[in-house]
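The values are calculated or read from the model by the stated rules, or taken from the named source; none is laboratory data. Computed from a predicted model, the values in this text were never measured in an experiment. Methodologically, a virtual Cβ is constructed for each residue, glycine included, from the backbone with ideal geometry; neighbour enumeration extends over all protein chains shown. SASA here: full protein model, heavy atoms, side chains in, ligands and nucleic acids out. Shrake-Rupley method; radii C 1.70, N 1.55, O 1.52, S 1.80 Å.
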Amino acid sequence: CFVEENSFNTQIGYLKKHFEIISLSEAVERMRSGGIKRPTAVITFDDGYQNNFDVAFPILFRERVPATIFLTTGLINTNDTVWYCRLNLALAQTHRDFIERNGFKFNLSTSDLKAKTSAAIQESLKKLEHPKLVASMRNIILQLDEDPDCLIETDSPFRMLDETAIAEMARSGLIEFGAHTHNHAILSLLSDEERRYEISESIRTTRELTGQSCKYFAY
């Protein structure tokens, strides 16, 4: 579920050659005014992983390419990560050859089969209310003989951003930040009150972390 650094570097080179790459805020203004006259691209990242800073940002900075990062704010400055990342991590590390769930037996003998298993399990979990989703995800990880509470280490590709990295990218003038809910809950399965909290807290925290207005929300 990752793009390798060399591949990302090549993609940015291709986009620079064939498109005008602009910030999301500029794109919105141009779309309103009819100011897009040639192939144009906007680069965005969902969730807010540390590799956005460690891997992608140096390339973007060198090439002077703007981008927008949508933050799952409840996970910033923590050793936790998005629920489906914990699932992917457990599937990557497990030595189990299969797992049974809801009457289905999933083959885990190859990385491709693990990827298919992850996609199928995620699809079923997304139908659950967030507390039930998290509980089911934890149970699956235990079935895989992995730890559902393991710390996401600083060198893990699943590690989330910290406030220092966010501040540096914000100061660069190249990176805009938007909100992406507080806990990466599926909003359509929440009550009105829970939904309001997930959105408003994400926007408030994004403003606090960046020192800038938060104009955009990815959902």
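What the table below lists for this structure:
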{"read-out": "Selection from the range 16-42 of residues that are in a helix (DSSP H, G or I) and among the basic types (Lys, Arg)", "value": "Lys16, Lys17, Arg30, Arg32"}
{"read-out": "Residue match in the range 29-47 (condition: surrounded by 12 or more Cβ atoms within 10 Å (Cβ to Cβ) and under 20 Å from Leu133 (Cβ atoms))", "value": "yes"}
{"read-out": "The range 117-129 residues that are closer than 22 Å to Thr94 by Cα, paired with ones that are of a type in the set (A, V, I, L, M) and open to solvent by 40 Å² or more (accessible area, probe 1.4 Å) (beta carbon under 6 Å, 6 or more apart)", "value": "none"}
{"read-out": "Where a residue in the range 162-187 is under 20 Å from Glu63 (Cβ atoms) and open to solvent by 30 Å² or more (accessible area, probe 1.4 Å) and its partner, wherever it lies, is among the polar types (S, T, N, Q) and assigned to a helix (DSSP H, G or I), with Cβ under 9 Å and at least six apart", "value": "Glu176/Ser25; Glu176/Thr210"}
{"read-out": "Some residue of the range 137-148 being open to solvent by less than 50 Å² (accessible area, probe 1.4 Å), within 18 Å of the chain's Cα centre (by Cα) and within 30 Å of Phe217 (Cβ to Cβ)", "value": "yes"}
{"read-out": "Test for Ile99: is it in a strand (DSSP E or B), in contact (Cβ under 8 Å) with a residue 12 or more places away in the chain and closer than 18 Å to Ile21 by Cβ", "value": "no"}
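One line per residue, one yes/no per condition, for (1) open to solvent by less than 60 Å² (accessible area, probe 1.4 Å); (2) not polar (S, T, N, Q):
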| site | (1), (2) |
| --- | --- |
| Phe70 | yes, yes |
| Gly74 | yes, yes |
| Asn77 | no, no |
| Trp83 | yes, yes |
| Arg86 | yes, yes |
| Gln93 | no, no |
| Gly103 | no, yes |
| Leu113 | yes, yes |
| Thr117 | yes, no |
